[in-house]
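Below: one structure, written as structure tokens.
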């Protein structure tokens, strides 16, 4: 298996301290704090380890404090409810004696029902599109050091935007974005693992959709962005090692906050998940 993906799988395999407490480690991906997607994925794994024969269908999370990459994170699961069809869990993540994150997740036993879904956008497929990390040297040399390191860092996912914005000369665009994403290598057949990997990667690219109408110049270091909350709804089975189209839009930005939403489709057009996030978008000195 690809070394980066294997390392991520290891990161999601939490140390179990007791029946409802788990400990996870972190990786520095070039952000000033623990990557929010990592905490989402680990928290979902912690909750899932306390549930049997049911699959997550939704989660709602809040990021309360910056996570310390150098310190472990302890996840405590509250078994809020075990019903006939649905199971509810609450998860609190702590570092240095303080809560940095909390999440509610719901799991459901499999059952049939009526179905409908939104249509998949008509966009080019992933073949031939450049990866997010394929930044030409003449462009990367002119970016802020932190942004350059973040973009060039190799990842355990292939991330291929359909229409990537110009990093050096940003122009105002409609707040709509389409990105193809999949794991770089094959994965085991474990639905909880695929959902946790989805939670991890769902924090990529989403909030930046809300910046598109404003032509924000990320060459400067005065842009502050951070996740405030995050929600995911899982509609249908999927695999994180197969291409998924993340179709994003942003209906609003105000009060130094931006809201972004996503619909996620499998290659054959099934709507497999929806996601939403509000985040801090602050331009220092403005």
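The values are calculated or read from the model by the stated rules, or taken from the named source; none is laboratory data. Quantities reported herein were computed from a predicted structural model and do not represent experimental measurements. No Cβ is skipped: glycine too gets one built from the backbone with ideal geometry, and neighbour counts run over all protein chains shown.
Residue-wise test of (1) touching a helix residue (DSSP H, G or I) at 6+ places or on another chain (Cβ under 7 Å); (2) surrounded by 12 or more Cβ atoms within 10 Å (Cβ to Cβ); (3) free of Cβ contacts under 8 Å to residues at least 12 places away in the same chain; (4) in a loop (DSSP other than H, G, I, E, B).
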position	(1), (2), (3), (4)
112	no, no, yes, yes
120	no, yes, no, yes
125	no, yes, no, yes
129	no, yes, no, yes
139	no, yes, no, no
- Could you pull out the residue among 126, 112 that is under 24 Å from residue 271 (Cα atoms) and in contact with a strand residue (DSSP E or B) (Cβ under 8 Å, 6 or more places away or on another chain)? 126
- Message: Among the residues that make up the range 215-226, is at least one of them touching a strand residue (DSSP E or B) at 6+ places or on another chain (Cβ under 8 Å), farther than 21 Å from residue 104 by Cβ and at pLDDT 95 or above?
- Response: no
- Leading residue by the ranking (modelled with the highest pLDDT) among those in the range 141-166 that are over 20 Å from residue 33 (Cα atoms), assigned to a loop (DSSP other than H, G, I, E, B) and under 22 Å from the mean Cα position of the chain (by Cα): 162
- Query: Which members of the range 141-163 meet the condition of being surrounded by 15 or more Cβ atoms within 10 Å (Cβ to Cβ) and more than 19 Å from residue 29 (Cβ to Cβ)?
  - Reply: 162
- Item | Filter result (in contact with a strand residue (DSSP E or B) (Cβ under 9 Å, 6 or more places away or on another chain), assigned to a loop (DSSP other than H, G, I, E, B) and surrounded by fewer than 16 Cβ atoms within 10 Å (Cβ to Cβ)) within the range 242-260 | 242, 256
- Out of the range 69-90, which residues are surrounded by 15 or more Cβ atoms within 10 Å (Cβ to Cβ) and over 17 Å from residue 233 (Cα atoms)? 69, 73, 74, 75, 76, 77, 78
- Residues in the range 52-68 that are crowded, with 17+ Cβ neighbours inside 10 Å and more than 21 Å from residue 193 (Cβ to Cβ) total 2
- Residue pairs qualifying under the 6 Å Cβ cut-off, at least six apart or on distinct chains, with the first in the range 261-286 being in a loop (DSSP other than H, G, I, E, B) and the second being modelled with pLDDT of 95 or more, are 267/243; 269/120; 270/236
- Task: Being under 21 Å from residue 255 (Cβ atoms) and not in a loop (DSSP other than H, G, I, E, B) is the filter; apply it to the range 196-213 and report the residue that is farthest from the chain's Cα centre (by Cα).
- Result: 213
- Task: Report yes if residue 232 is surrounded by 15 or more Cβ atoms within 10 Å (Cβ to Cβ) and part of a loop (DSSP other than H, G, I, E, B), otherwise no.
- Result: no
- For residue 99, indicate whether it is without any contact (Cβ under 8 Å) to a residue 40 or more places away in the chain and either surrounded by 15 or more Cβ atoms within 10 Å (Cβ to Cβ) or under 17 Å from residue 14 (Cα atoms) (or both). no
- Message: Please verify whether residue 239 is touching a helix residue (DSSP H, G or I) at 6+ places or on another chain (Cβ under 7 Å), surrounded by fewer than 20 Cβ atoms within 10 Å (Cβ to Cβ) and either part of a loop (DSSP other than H, G, I, E, B) or modelled with pLDDT under 95 (or both), treating the condition exactly as stated.
- Response: yes
- Here the residues within the range 166-183 that are closer than 20 Å to residue 125 by Cα, surrounded by fewer than 18 Cβ atoms within 10 Å (Cβ to Cβ) and in contact with a helix residue (DSSP H, G or I) (Cβ under 7 Å, 6 or more places away or on another chain) are none
- Answer yes or no: is there a residue in the range 50-57 that is in contact (Cβ under 8 Å) with a residue 12 or more places away in the chain and within 17 Å of the chain's Cα centre (by Cα). yes
- Query: Tell me, which strands (runs of 3 or more DSSP E) lie completely within the range 1-77 with 1 or more residues that are over 23 Å from residue 191 (Cβ atoms), in contact with a helix residue (DSSP H, G or I) (Cβ under 8 Å, 6 or more places away or on another chain) and at pLDDT 95 or above?
  - Reply: 55-63
